[in-house]
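Asks: Sharing a structure, written as structure tokens. Questions coming.
Computed from the coordinates by the stated procedures, all read-outs in this text should not be read as laboratory data. Predicted, not measured: the structure shown is a model, and the values here were computed from it. Here the Cβ positions follow ideal geometry from the backbone for every residue, glycine too, while neighbour counts run over all protein chains shown.
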Amino acid sequence: MTIGFANDHTGVALKRLLMQHCQSKGYACLNFGADSTQSVDYPDFAHALATAVLTHKVDIGFAFCGTGNGVAITLNKHPHIRAGLCWNATVAQLIKQHNNANVCVIPARFVTEQQAVAIADAYLDTVFEGGRHQTRIDKIDIGIK
Ligand code: RB5
């Protein structure tokens, strides 16, 4: 399982922390994010992660910006990307269990390091439930199948 990471300048520290955390859990990690705190444009990085997921370069991703909304809005423009905004571990569990989200989005300015790790663990350790949730997911995409 390979995980991609995307972030703007607000998410550099949490991205690095979660990359190390995921590597320590045995995941391969690919970085598509900014590596300096100089102001950059979040869509550039979110599009790169979405492309990596859609071309199977990575299986899933984590994305970060200040509120998480900029990267989430950008990622969800791509058909078959399901990016879920997670502000706590319970929400992170549910975006996998119910939405089978392929990107977990973290609002870098609003979570602590400890909360970010808990969000990552909940997302990674939860299994998609399928069934009625798959039926609902099948109704999401409006673009090319
Ligand atoms: C950057 O200041 C901020 O706008 C960005 O990180 C993000 O929160 C946008 O949605």
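Asks: Remind me, relative contact order of region 1-100 in percent, using alpha carbon pairs under 8 angstrom and six or more residues apart?
Replies: Relative contact order, region 1-100: 31 percent.
Asks: On to the next question. Given only helices, namely DSSP H runs of n ≥ 4 each adding -39500 (n - 2.57), what is the per-residue ellipticity at 222 nm of the chain, to the nearest 500 deg cm²/dmol?
Replies: -12500 deg cm²/dmol
Asks: If eta is 0.890 mPa s and T is 25 °C, what Stokes-Einstein diffusion coefficient results for region 22-106, Kirkwood Rh from Cα pairs, in µm²/s?
Replies: In µm²/s, the coefficient rounds to 187.
Asks: So, one more: Cα to Cα, under 26 Å, and not fewer than 8 places away if on the same chain: which lysines meet these conditions relative to LYS15?
Replies: The qualifying lysines are LYS25, LYS57, LYS77, LYS96.
Asks: Pull out the extension gain between GLN20 and THR112, defined as 0.36 nm times the separation in residues minus the alpha carbon to alpha carbon distance; nm, one decimal.
Replies: 31.5 nm
Asks: For a protection proxy built on the mean count of beta-carbon atoms within 10 angstrom, sort 67-73, 22-28 highest first, please.
Replies: Put in order of decreasing packing, that is 67-73, 22-28.
Asks: Using just the Cα positions, wrap the chain in a convex hull and report its mean projected area in square nanometres, one decimal place.
Replies: That works out to 7.7 nm², a quarter of the Cα hull's surface.
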